[in-house]
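Here is the structure we will look at, set down as structure tokens.
The values are calculated or read from the model by the stated rules, or taken from the named source; none is laboratory data. Predicted, not measured: the structure shown is a model, and the values here were computed from it. Reconstructed Cβ throughout: ideal geometry from the backbone, glycine too, with neighbour counts over all protein chains shown.
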Amino acid sequence: MILPIDPDGENDLREPNDEPNPRRITLSPATFILLLTVNLVILMVLAWPTVVSRLDLSAGGRGGMEATPSPRVAEHSQDAPAPTRTPIPPDEAGLLILSMQEGLDTHLFAYNPIAPEGDGETVPLSRLTDGPWHDITPALSPDGHRLAFASTRDGDWQIYVWDLESGAIAHLTDAPGYKASPTWSPDGMWLAYERYFDNNLEIYIQQAELGAEAVRLTGDLAADFSPAWSPGGRQIAFISTRGGREGVWLADLDKSGEDRIVPIENIGEARAAHPTWSPDGRYLAWGAVIEDGWHKIYRWDSTTPEHPPQEISVGDRPVWSRDGHILYTTLETPYQSYLTAFTLREPNLVWLPPIALPGAVEGLAWVNYSANDVLPDVISPSPTPLWVPNMTLDPEVPGGRWGLVDLLDVEVPYPQLHDRVDEAFMALRAKLSEQVGWDALATLENAYVPLTSPLSPGLQGDWLYTGRAFALNTLPTNAGWMAVVREDYGQETYWRIYLRERFQDGSKGRPLRALPWDFDARYRAEPIPYEQGGELAQGVLPGYWVDMTQLAAAYGWQRLPSLLTWRSVLSAARFNEFVNTDGLEWITAMMELYPPEVLLSPTPIPTATPTLTPTDTPTVTQTPTITLTPTVTLTGQPSLTPSLSPKITSSPTSTDTLFPTPSP
């Protein structure tokens, strides 16, 4: 507390009969101003991190996140850090259930990085399932006691229901074929989910018990998936490609015929995904990638359906908290997934700073939770390496540089890779062959490329020169065995490669949910596809597909962004190239193979006075040269008459010229 200034004792706070207080401190005006200044400086230092965080995360109404990610491979953190943030109010206490990739499999995790008020502890990233299978798209029942999810734990894709109180996991479906993305009816008696049937993704409804008959809700030639049942019970939102791109559609269960399913207005050329309803059923939120590459969350008000949806934050996969005041979402970048949250009481205010997650997210659900609740048993991992590097320094290579290793049974112009990455390539090749049923890496467009072999313009500094990259053979695209999906992150364009499963039994792959990119559309003599470097395909390709991009990332192979000229030069798209950098810069990786002198580009320096270098010729040779000399005769019509004239050319024994004289 700062005492009032009283130099003359006129404002003494003591009673008249009180004895003087020996502990009283009398401050002069100059001393008071000095102390006030010091206090202000201390307060500014303490408050500055909060001010900077608030400015960084809310600047421009976009959450302060960069639209253009770094093209380099990000370092993956295995442990998600717990941020320092205001505790959750009691009405917001809960857990996030994440379906997340871990190695070659996908498991369910529980996570809450913020401690509920009064509980004092956060919930670290805790594994709930484990095994050589995939558990994806979790959804909590309205009563909070059951968790529905899709899994391959019994060989093919089925819907399971997990009783969180007893820990029992039971089948809900048993018919063959892919099924995923369950969503509960408000009374908890029904489930809607996506199902691959008759070479297409459709929405089905089924009672929440094994053996119940499933009723087909949609029946369009386009792909319909990612259903979300409204809390009111009479509407189901889903994603469909009916409009030529991924958009949000609404099925009204009280209507029939053509009036039952209607679209929700899309924003420009946005591609929508992952719809979710607010707890009160008023709002519908979804993620969308808009035309300029921004990943946004939009909110549509069902009470005013004629109004367009509004942008509320950045993100990809939203999920509402219990009272609808906080929106959790994932934020995807080319190499990393993040978890963040926004408070809807203050638009665009970041409530949870982005937290790096150790794997790609395949589902997100909110579970009511307090410190008194008991989580299902947390399973400790037993990770095993996917490959073991075997590196050997070649004594014939000077300077401690690394060598190249031959690739066996691989058809490619130069079948070699860097000694540090050849084991990762062979391990990926074996696993990919197992997944798709055919050897997709037996024939490559390129692997290691020596410096004496020039690549296409713009690729002079490509990773193929380092021996740490390979380029797929693109011929399977023409045969229908490879699909390429475009993904934009800010101003950068990346590509995701899918390979068609050979046996088509659904045991390894999944149906495509995104429209592929058609590069050949640029050759149709139409202006728009030509300028865009292609266009979206007319429909989703049928069949079961393996995500090679995601599988390659597990073995350390990452995709590269396209060059700026990819729309006009196909090779600049680099959609078929994968690189294993080990965190190195390109020039550092080149130094592992080559001495520095090889990469130098000497520039000739002209001198003021030319230096004459004599050239000795042993003998003088006389070579008759026949020259055609035209003779012009001026008559009525000009004519050219050739004549043969022998000419002797002598070569001197030495020349004092800088440049040789050209022979006629």
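Residue count for the stretch 523-536 satisfying the condition of being in a strand (DSSP E or B) and either among the hydroxyl-bearing types (Ser, Thr, Tyr) or not assigned by TED's automatic domain parsing to the domain that holds ASN478 (or both): 0.
Taken over the stretch 177-203, residues that are part of a loop (DSSP other than H, G, I, E, B) and surrounded by 14 or more Cβ atoms within 10 Å (Cβ to Cβ) amount to 7.
Condition check ((1) of a type in the set (Val, Ile, Thr); (2) over 24 Å from LEU201 (Cα atoms); (3) touching a residue at least 24 places away in the same chain (Cβ under 8 Å)) across all residues:
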| residue | (1), (2), (3) |
| --- | --- |
| THR474 | yes, yes, yes |
| ASN478 | no, no, no |
| ARG486 | no, no, yes |
| GLN491 | no, yes, yes |
| PHE503 | no, no, yes |
| LYS508 | no, no, yes |
| PRO516 | no, no, yes |
| ASP520 | no, yes, no |
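Taking (1) in a loop (DSSP other than H, G, I, E, B); (2) over 25 Å from GLY556 (Cβ atoms) in turn, ASP520 satisfies each apart from (1). Criterion applied to LEU407, LEU417 was being crowded, with 20+ Cβ neighbours inside 10 Å, in the same structural domain as GLU501 (by TED's automatic domain parsing), over 30 Å from ARG510 (Cα atoms) and more than 28 Å from the chain's Cα centre (by Cα), and the one residue passing it is LEU407. Scanning the stretch 503-535 for residues that are over 30 Å from THR565 (Cα atoms) and polar (S, T, N, Q) yields GLN504, SER507.
Scanning the stretch 343-359 for residues that are in a loop (DSSP other than H, G, I, E, B) and surrounded by 19 or more Cβ atoms within 10 Å (Cβ to Cβ), we see that the one that is nearest to the chain's Cα centre (by Cα) is GLY359.
Listed by position, the strands (runs of 3 or more DSSP E) inside the stretch 383-449 whose residues that are in contact with an Asp or Glu (Cβ under 6 Å, 6 or more places away or on another chain) and not hydroxyl-bearing (Ser, Thr, Tyr) number at least 3 form an empty set.
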